[in-house]
1. Largest first, how would TYR31, TYR101 line up by accessible area (1.4 Å probe)?
2. Read phi for every residue in segment 41-55 and hand back ³J(HN,Hα) as whole Hz from Karplus 6.51 cos²θ - 1.76 cosθ + 1.60, θ = phi - 60°, with x for Gly and Pro.
3. For segment 23-84, with every protein chain kept in place, what is the accessible area per residue (1.4 Å probe, Å²)?
4. May I ask you to evaluate 6.51 cos²θ - 1.76 cosθ + 1.60, the Karplus curve with θ = phi - 60°, for each residue of segment 79-88 and list the ³J(HN,Hα) values in order in whole Hz, giving x for glycine and proline?
5. Report the convex hull volume per residue for segment 38-178, counting only C-alpha atoms, in Å³.
6. If the chain between SER51 and ASN167 were fully stretched, how many nm would it gain, using 0.36 nm times the residue separation less the Cα-Cα distance?
Amino acid sequence: LLNTNYDNTITSQVNFTIEENLINLLGDLNYDGDVNVVDVVILVNFALLISTPNANQFISADINDDNSINVIDVVQLINIILSDVIIEKINDSNGYSYECYPKADNMFPVVLYNHGGLGESVGGDLLNTCFSLAQNGYLAKSEKREETISLEGHLDEVMSSLNHLKNHEKADGERIGV
């Protein structure tokens, strides 16, 4: 802090930390908290190489998670917008999880889809399972369990995710499915 009254000398020091905790809405490329036609225009510009996404935009723009931004991502983004569903893409230690819910001011029954798999072998489509559940009126989380052969720790992971969902602002905590 500077003493601006007289001689610009430092009169005290304050230490603090700023943490950035962004919710990564899938397809929200201008970070306005809404996924709409503006984001489609930005995505088309990325797909046509007219502009280049930053690292966070790339994660949010690569809808199908194939490490490429192309017309398939554009079509999927339009489908998300027309479906009135919000999809949060959550970076996990073993890939991505998704949290999805209808774009409405309601409370929704909760579904946790926690699936296993090793390497590229995942026993289900995490994104589209989450998306389909949200289209049908659920607050859903689709996540891949840790990549271990032993199931040790997996129940703790499931319980942690379930507690998170039960405390979500859109959750009807009385109606839960796993």
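1. TYR31, TYR101
2. 3J(HN,Hα) across segment 41-55, in whole Hz: 4, 4, 5, 4, 4, 5, 5, 8, 6, 6, 9, 10, x, 6, 4.
3. 53 Å²
4. With the stated coefficients, segment 79-88 comes to 4, 4, 4, 5, 8, 6, 10, 9, 10, 9 Hz.
5. Taking the convex hull of the Cα positions in segment 38-178, it is 111 Å³ per residue.
6. Between SER51 and ASN167, full extension yields an extra 37.9 nm.
The values are calculated or read from the model by the stated rules, or taken from the named source; none is laboratory data. As the structure is a computational prediction, the values presented were derived from the model and not from experiment. To get the accessible areas, we keep the full protein, side chains included, count just its heavy atoms, and leave off ligands, DNA and RNA. Shrake-Rupley method; radii C 1.70, N 1.55, O 1.52, S 1.80 Å.
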